[in-house]
Amino acid sequence: MKRIVIVEDDQLLATMYQTKFELAGYKVDVHHTAEGALEGLQGEVPDLVILDVLLPSNNGLWLLKELHARKISVPVIMLTNLAEADFAMPPKLRQTLGVVGYHVKTQTTPAEVLATVQEVLA
């Protein structure tokens, strides 16, 4: 069974996506902070991470850089309130840090996010 880690500080949203992915047949772990996710990702590396950019304390970009520095390689789908233009991450850096998808929460349905997850994990 494929394993997904959701890193999202909004507990309601995290629970909604967790339920959506579990119903689709994935094992899902949820972390509400970048630090908690980093600690959890140092054990068994998941098949995919769904990552918010704006998190309490350290943000999603910090987590991406920490994963890269620790040589933890995992594909990441960004799921955030920031428009891609506001995030301003150059394509080469995205590739280096493992970002394989980007969704703006207010412009994306859970079904669209699930479709991206299924495409990445196919």
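Values quoted throughout were computed directly from the atomic coordinates according to the rules given, and no laboratory measurement underlies them. Since the model is a prediction, treat every value here as computed from it, not as a measurement. Heads up, the Cβs are rebuilt from the backbone with ideal geometry, glycines too, and the neighbour counts pull from every protein chain shown.
What to note about this one:
- Per residue of the chain, the DSSP helices (runs of n ≥ 4 H) give a summed -39500 (n - 2.57) that works out to -12500 deg cm²/dmol at 222 nm.
- With Cα atoms defining each centre, region 46-122 and region 1-27 are spaced 14 Å apart in the structure.
- Computed over Cα pairs, the Kirkwood radius of the chain leads via Stokes-Einstein (1.567 mPa s, 4 °C) to a diffusion coefficient of 91 µm² per second.
- For the pair residue 112 and residue 93, the difference between a 0.36 nm per residue extended length and the Cα-Cα distance amounts to 4.4 nm.
- Dipole moment magnitude, nearest 20 debye, the chain about Cα centre, only Lys, Arg, Asp, Glu C-beta charged: 380
- Taking a ≥ b ≥ c as the square roots of the eigenvalues of the alpha-carbon gyration tensor, region 54-122 is classed oblate because a/c is 1.5 or more while a/b is no larger than b/c.
- Within a straight-line Cα-Cα reach of under 24 Å, residue 20 can be paired with the following lysines, leaving aside sequence neighbours fewer than 8 residues apart in one chain: 2, 105.
- Between the residues 59, 120, 23, the greatest Cα displacement towards the positive end of the dipole of the chain, with unit charges on the Cβ of Lys, Arg, Asp and Glu, is found for 120.
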